[in-house]
Amino acid sequence: MQPTPVKRPTCLRCLRPQRSCICGWITPIEHAADLLILQHPLEVGNAKGSVRLLQLSLARSEVLVGEVFAQQAMQALLQTPGARYTILLYPDSPEDQGLNLAPPQQLEQARLLDPSQVRLIVLDGTWRKSRKMLYLNPLLQQLPRLSLRDTPASRYLIRKAHSPGQLSTLEATCYALMQLEQNEEKYQPLLTAFSGFVGQQLVYEKR
Ligand SMILES: [Zn+2]
């Protein structure tokens with residue numbers, strides 16, 4: 001008789017193999033702004049990705065997977081009646097000048113004063129892929145863009161494709177929320193948990 005193949009037990013919460021479950025790092029934080037993460041398909045199932053931990057920690061977050069989003073669906077998403085003020089987290093980079101991006105709408109500082117009226121869109125992909133997503137989705141190019149100020153060095157040591165100065169999606173999102181809510185303390189526990197997650201990944205890599 002053939003032995004039944006052993007199925008690796010999966011954690012039903014984080015959907016990872018139980019031996020590398022990240023649920024211990026989940027750090028729920030009451031955040032005001034809604035969060036929409038547009039995840040590049042290559043990031044799905046990436047064990048080193050930070051979005052799963054982010055999504056499990058922030059209740060008002062949603063993940064959509066894709067590289068090109070149907071214009072109609074995106075329009076509907078951005079123009080829901082009574083919708084929040086939607087902004088895109090994306091750095092101001094001189095290298096993007098060659099992309100011929102539409103100039104983003106001016107950020108209305110007044111509308112940012114109430115983060116509970118804001119929806120923040122974050123692109124999850126390598127730097128190159130995020131750029132491509134912006135390039136391929138004209139509606140995203142039109143959004144007011146928020147760029148981060150004075151961010152500390154990344155704690156993200158586990159991704160080779162990571163360019164210097166680039167933060168993980170989790171870190172970038174936490175810093176953006178800190179900036180919007182003008183509260184530096186609130187997101188520190190999640191950043192600390194993220195360091196623990198990174199440490200755990202490094203241990204698995206050495207095995
Ligand atoms: Zn788990």
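The values are calculated or read from the model by the stated rules, or taken from the named source; none is laboratory data. All values derive from a computational prediction rather than experimental measurement. Note that we place each Cβ from the backbone using ideal geometry, even for glycine, and neighbour counts take in every protein chain shown. Heavy atoms of the whole protein, side chains included, go into the accessibility calculation; ligands, DNA and RNA do not. Shrake-Rupley method; radii C 1.70, N 1.55, O 1.52, S 1.80 Å.
Quick notes
- Among (1) within 14 Å of the ligand (Cβ to nearest atom); (2) out of contact with any Leu (no Cβ under 9 Å at 6 or more places or on another chain), the one test that Ser57 misses: (2)
- Looking only at the range 6-15, and only at residues there that are open to solvent by 30 Å² or more (accessible area, probe 1.4 Å) and in contact (Cβ under 8 Å) with a residue 24 or more places away in the chain, the one that is nearest to the ligand (Cβ to nearest atom): Arg13
- Verdict on Ile37 being of a type outside the set (Asp, Glu) and within 16 Å of the ligand (Cβ to nearest atom): no
- Looking across the range 43-74, the residues that are more than 12 Å from the chain's Cα centre (by Cα), at pLDDT 90 or above and closer than 16 Å to Asn137 by Cβ come down to Gly66, Glu67, Val68, Phe69, Ala70.
- In this structure, Gln182 does not qualify as open to solvent by 20 Å² or more (accessible area, probe 1.4 Å), at pLDDT 90 or above and under 15 Å from Leu58 (Cα atoms).
- Filtered by the rule that a residue be part of a helix (DSSP H, G or I) and either touching an Asp or Glu at 6+ places or on another chain (Cβ under 8 Å) or touching a residue at least 40 places away in the same chain (Cβ under 8 Å) (or both), the range 130-149 gives Ser130, Arg131, Lys132, Met133, Leu134, Leu136, Pro138, Leu139, Leu140, Gln141, Gln142.
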